[in-house]
Amino acid sequence: MKFLILDLYPTDNWRMVKDTAGGYGTGNDFGNTFFSKALNKFVSHMISMPPMYAIYIYSILKKKGLDVEYAKLPKNEYEKKKYEIIKSADYIIVPSSIIASETESEVIRDLTNESKKIFVVGIFSSVLREKYKTKNSYIVPGEPEDFFLKISYEKEKLDNFFENKEQNLGGNFVEDLDKLPFPDWEYYSKKYPLKNNFLGFNSKIAIPMLASRGCPYSCFNYCTYPLQQGRKVRLRSVNNVLDEINHWIKTIGTNKFVFRDPVFSINRKFTVELCKEIIKQGLKIEFLIETHLKNLDDELIDLLKKAGLKLVYIGIESSSPKVLNGIKRFSVENDQQYAIIKKLVSKGIIVKSMYMFGNPDDDENTIKDTIDYSLKLPNQLVQYSVFTPYPGTPIYKAYENKIVEDKYEKFNQYNLVYDHKKLDNVNITKLKNFGYRKFYFNFKNMFTVLKSFSSIVRK
């Protein structure tokens, strides 16, 4: 019995990451201007990774002694090598995403015509079941790892899923994250080298990891992470996280890690204990996190720095209180934002602040104010993306009748997909490019970025 995990993409011309945006994925579609193409070229060398749950599924199947292969392919390559790729597979597992949804559903229909049995995994297929449902496909609900941990691998029982589409084995969250095997990045990285050429993460492979799942914050109104992982925070044990870190140090020889937790420091006690153990064990590691500013204080920042924190992603979204209130995004006050970011930077930690343009209450002036605000903060890096009402989120219901984009693959956080009362895609693209030019072609910021980069590389 052989399983094939078939990870599909519309193209390989620009960077698409299915693991981001709560499993919906993002794609760096900056446009066709000279500056846009330069940005695409730059980010194509940044951190890229497959869906973490897909590598977990691979490891679960492997641990059960099953024959399993992983294939990551753009659509044109799949079409060229289809029969070679699928001929020996008894069951095919297709990770779903919004950024590759048309491609995925088209290939699933093709596989159905080839009489292949397909498990479709990932939160987007659970939200839009009709897009992926065929006579030979089974939409795995919930966290797919839970499903593949629980099911029987007798052929007769596996085939029952395709004969009785309504059965609901699985569909839950993995309550005990320690039960997950370590994802087999050694296998994956040999086939598809992980691109991690990002401010000092370019000398060795940076291993994606998780210490927790779940996010209870108010941004669930528009964010997809609660759809994927729920609002209840689940933690791995500190020892389990440390065991995995040590495993990759010994097997791959890397000391660089990218934590994929929605909010890394959401549980302060756990974060403190993990950092202290890293320091106690003398682990000379470097890692990247995403977190919320309200979960950082001077003591914790000092501890994270000593443990090896090199870069932190911070969601700011907008400088306008009205805009933030409109999407139910609550954060710390602007003066606190400045103080916390300044503290991080003073410790040699690179800060990337992230913003969304095209929020319902945005206009050209609020976006320009946000760009100006991003230049005033002491952060070294910025990301400007586009507000996207995602299917399955509460805010989508309010905008469902205003959606103007008929291709879900355009829901990549770089296109305005709904009818905005004051903005359109042309405005948004111009403002994004204006923001990037103003930020990165600012002498102070160029100097800061280069200084940060060189300080890390020297180490």
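The values are calculated or read from the model by the stated rules, or taken from the named source; none is laboratory data. Just so it is clear, the model here is predicted, and its values are computed rather than measured. Note: ideal-geometry Cβ built from the backbone for every residue, glycine included; neighbour counts use all protein chains shown.
Here are a few things to note about the model shown:
- Residue match in the stretch 258-265 (condition: part of a helix (DSSP H, G or I) and closer than 27 Å to ASN379 by Cβ): no
- Of residues in the stretch 188-210 being aromatic (Phe, Trp, Tyr) and modelled with pLDDT under 65, the one farthest from LEU381 (Cα to Cα): PHE201
- Hits in the stretch 294-332 (condition: assigned to a helix (DSSP H, G or I), buried (at least 19 other Cβ atoms within 10 Å of the Cβ) and within 21 Å of the chain's Cα centre (by Cα)): none
- Residue within the stretch 82-92 that is closer than 25 Å to TYR408 by Cα, surrounded by fewer than 16 Cβ atoms within 10 Å (Cβ to Cβ) and either modelled with pLDDT of 95 or more or among the basic types (Lys, Arg) (or both) present: yes
- Checked against (1) among the charged types (D, E, K, R); (2) crowded, with 16+ Cβ neighbours inside 10 Å; (3) out of contact with any Ser or Thr (no Cβ under 6 Å at 6 or more places or on another chain), ASP261 meets all criteria but (3).
- Residue match in the stretch 150-164 (condition: crowded, with 23+ Cβ neighbours inside 10 Å and either at pLDDT 95 or above or closer than 23 Å to MET1 by Cβ (or both)): no
- Some residue of the stretch 137-149 being more than 19 Å from ALA21 (Cα to Cα), touching a Pro at 6+ places or on another chain (Cβ under 9 Å) and modelled with pLDDT of 95 or more: no
- SER59 being within 19 Å of TYR188 (Cβ to Cβ) and either in contact with a Leu (Cβ under 8 Å, 6 or more places away or on another chain) or outside any strand (DSSP E or B) (or both): yes
- Top-ranked residue in the stretch 104-139 [being of a type in the set (Ser, Thr, Tyr) and part of a loop (DSSP other than H, G, I, E, B); ranked as farthest from ILE92 (Cα to Cα)]: THR134
- Of all residues in the stretch 393-424 being in contact with a Lys or Arg (Cβ under 7 Å, 6 or more places away or on another chain) and assigned to a loop (DSSP other than H, G, I, E, B), the one that is surrounded by the fewest Cβ atoms within 10 Å (Cβ to Cβ): ASP419
- Filter pass, GLU145 being acidic (Asp, Glu), surrounded by fewer than 19 Cβ atoms within 10 Å (Cβ to Cβ) and outside any loop (DSSP other than H, G, I, E, B): no
- Residue that is nearest to ASP335 (Cα to Cα), among those in the stretch 273-293 that are of a type in the set (Val, Ile, Thr) and not in a helix (DSSP H, G or I): THR291
- Scanning the stretch 327-382 for residues that are acidic (Asp, Glu) and in contact with a helix residue (DSSP H, G or I) (Cβ under 8 Å, 6 or more places away or on another chain) returns ASP361, ASP362, GLU364.
- In the stretch 346-392, the residue that is surrounded by the most Cβ atoms within 10 Å (Cβ to Cβ) out of those that are under 23 Å from PHE124 (Cα atoms) and either among the polar types (S, T, N, Q) or touching a Cys at 6+ places or on another chain (Cβ under 9 Å) (or both) is THR388.
Every residue, every condition in (1) surrounded by 23 or more Cβ atoms within 10 Å (Cβ to Cβ); (2) among the polar types (S, T, N, Q); (3) farther than 19 Å from SER97 by Cα, yes or no:
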site: ALA211; (1), (2), (3): yes, no, yes
site: THR224; (1), (2), (3): yes, yes, no
site: GLY230; (1), (2), (3): no, no, no
site: ARG234; (1), (2), (3): no, no, yes
site: SER237; (1), (2), (3): no, yes, yes
site: ASN240; (1), (2), (3): no, yes, yes
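- Looking across the stretch 270-293 at every residue that is acidic (Asp, Glu) and farther than 20 Å from LYS250 by Cα, the one that is surrounded by the fewest Cβ atoms within 10 Å (Cβ to Cβ) is identified as GLU273.
- Among residues of the stretch 333-374, those that are under 30 Å from LYS305 (Cβ atoms), among the small types (Gly, Ala, Ser) and either not in a helix (DSSP H, G or I) or not assigned by TED's automatic domain parsing to the domain that holds ILE395 (or both), counted: 2
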